[in-house]
Amino acid sequence: ETGVTQSPTHLIKTRGQQVTLRCSSQSGHNTVSWYQQALGQGPQFIFQYYREEENGRGNFPPRFSGLQFPNYSSELNVNALELDDSALYLCASSLGVDYFSYNEQFFGPGTRLTVL
Amino acid sequence: AQSVAQPEDQVNVAEGNPLTVKCTYSVSGNPYLFWYVQYPNRGLQFLLKYITGDNLVKGSYGFEAEFNKSQTSFHLKKPSALVSDSALYFCAVRDRNKIIFGKGTRLHILP
C-alpha cells in the first residue's frame, strides 16, 4: 500500500506567477483534501475533491483552484501568486465523505512554496 | 463554528517523565476530535481520534488522550516521554468534511 505523495518538494516562484502542485492519493482512497500551513500556524483547509468534484471549500479566494483526476490524484493551482501564499501545502487523502462516520485523512509530506 | 485551542506554544518535559499537551474545544453537536504530530520536514501523522465511547482513547506510539465533556478538553498524554517524541503536535476537530486544526504545541523532550 503506497502512501500519499506530493510533488515537487520545494518550489520558488515570484509574485504574480502561477503554480501547480500535485498529489497522489493513498491506494484505494477517492477523496483528496488540500491544506495551507503558514509558518508557525496549523494547517488551514483550502478545498476537498471527491470523485472529481469539489466537495467543500475553505476561506480561500478563487485564484486557488483544483482538479481531481479519474485515478483520484489531484492538482492545486494558484494564480497571481502573492507573498502571503508562501507556505507548506499539504495534501490528504481519505476514503469517502460520509459525514456520519469518519475515515482518517492521511497526509503527504507537503510542498514548500516560497513566493519572492 | 467548530474550533480547538492549544493554550501552550511550547512544552518542555524531561525524558522519562509523563507529558501532557493541552487542548480545549468548542463544537456544536458531537465532537470528532483528533491529535496529529508533525516532525520536521514531514507531513502530519495521525495519532488518535475520539468519536464516541470511552473517554480515554489510546493511539500510536504510546500516546493517549482523555476526553472531558464537562471541561471541553481533549488533552494528549503519555506516561513516559522519549526524546524522539519531540515534535509539533496539533489538536483538531472535524467540521463536516474538513479538519480544523489548532495552532500547534511544540513539545521538547530533554535528555
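The values are calculated or read from the model by the stated rules, or taken from the named source; none is laboratory data. The structure presented is a predicted model; accordingly, all values stated were derived computationally and were not measured. Heads up, the Cβs are rebuilt from the backbone with ideal geometry, glycines too, and the neighbour counts pull from every protein chain shown.
Out of the residues in the stretch B:25-38 that are within 26 Å of A:A87 (Cβ to Cβ) and more than 10 Å from chain A (Cβ to nearest Cβ), state the one that is nearest to the chain's Cα centre (by Cα).
Restricting attention to the stretch B:25-38, the residues satisfying the condition of being within 26 Å of A:A87 (Cβ to Cβ) are B:25-26, B:32-38.
In the following step, the residues that additionally are more than 10 Å from chain A (Cβ to nearest Cβ) were identified as B:25-26, B:33, B:35, B:37.
Details: B:Y25: 11, B:S26: 15, B:L33: 9, B:W35: 4, B:V37: 8 Å.
So the residue we want is B:W35.
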Could you look through the stretch A:1-36, keep only residues that are of a type in the set (A, V, I, L, M) and at pLDDT 95 or above, and pick out the one that is surrounded by the most Cβ atoms within 10 Å (Cβ to Cβ)? A:L21
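So if I check each of B:K77, B:K58, which one is surrounded by fewer than 14 Cβ atoms within 10 Å (Cβ to Cβ), basic (K, R) and within 14 Å of the chain's Cα centre (by Cα)?
On the way: B:K77 fails: surrounded by fewer than 14 Cβ atoms within 10 Å (Cβ to Cβ).
Exactly one residue qualifies, and that residue is B:K58.
Could you list all residues from the stretch A:47-63 that are farther than 10 Å from A:S33 by Cα and either within 14 Å of another protein chain (Cβ to nearest Cβ) or surrounded by 18 or more Cβ atoms within 10 Å (Cβ to Cβ) (or both)? Lay out the reasoning, then the answer.
Pass one, the stretch A:47-63, residues farther than 10 Å from A:S33 by Cα: A:51-53, A:58-63.
Across the stretch A:47-63, the qualifying residues are A:R51, A:E53, A:G58, A:N59, A:F60.
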Which residue is farthest from A:S7 (Cα to Cα), if the candidates are limited to the stretch A:33-91 and must be touching a Leu at 6+ places or on another chain (Cβ under 7 Å) and among the acidic types (D, E)? A:D85
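Need at least 1 residues that are in contact with a Ser or Thr (Cβ under 7 Å, 6 or more places away or on another chain) per element, so show me which strands (runs of 3 or more DSSP E) inside the stretch B:15-111 make the cut, counting only ones lying wholly within it. Walk me through it before giving the result.
Values: elements: B:19-21, B:24-26, B:33-38, B:44-50, B:56-58, B:64-68, B:73-78, B:87-95, B:98-101, B:105-110.
Of the strands (runs of 3 or more DSSP E) lying wholly inside the stretch B:15-111, those with at least 1 residues that are in contact with a Ser or Thr (Cβ under 7 Å, 6 or more places away or on another chain) span B:19-21, B:24-26, B:44-50, B:73-78, B:87-95, B:98-101, B:105-110.
Restricting attention to the stretch A:45-68, which residues are small (G, A, S) and in a loop (DSSP other than H, G, I, E, B)? Spell out the reasoning first.
Going through the stretch A:45-68, the residues small (G, A, S) turn out to be A:56, A:58, A:65-66.
Within the stretch A:45-68, just A:G58 meets the criteria.
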I need the full set of residues from the stretch A:69-102 which are assigned to a strand (DSSP E or B), of a type in the set (G, A, S) and modelled with pLDDT of 90 or more, in order please. A:S74, A:A87, A:A92, A:S93
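State yes or no: is A:G110 out of contact with any strand residue (DSSP E or B) (no Cβ under 9 Å at 6 or more places or on another chain) and either within 9 Å of chain B (Cβ to nearest Cβ) or closer than 21 Å to B:Y32 by Cα (or both)?
Values: out of contact with any strand residue (DSSP E or B) (no Cβ under 9 Å at 6 or more places or on another chain): no; either within 9 Å of chain B (Cβ to nearest Cβ) or closer than 21 Å to B:Y32 by Cα (or both): yes.
The answer is no for A:G110.
Restricting attention to the stretch B:80-97, and to residues there that are among the charged types (D, E, K, R) and surrounded by 15 or more Cβ atoms within 10 Å (Cβ to Cβ), which single residue is modelled with the lowest pLDDT?
Among those residues, the one meeting the criterion is B:D95.
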Let me spell it out: the conditions are (1) at the interface with chain B (Cβ under 8 Å from one of its Cβ atoms); (2) over 18 Å from B:I99 (Cα atoms); (3) of a type outside the set (V, I, T), and A:Q44 meets all of them except one. Which number is the exception? (2)
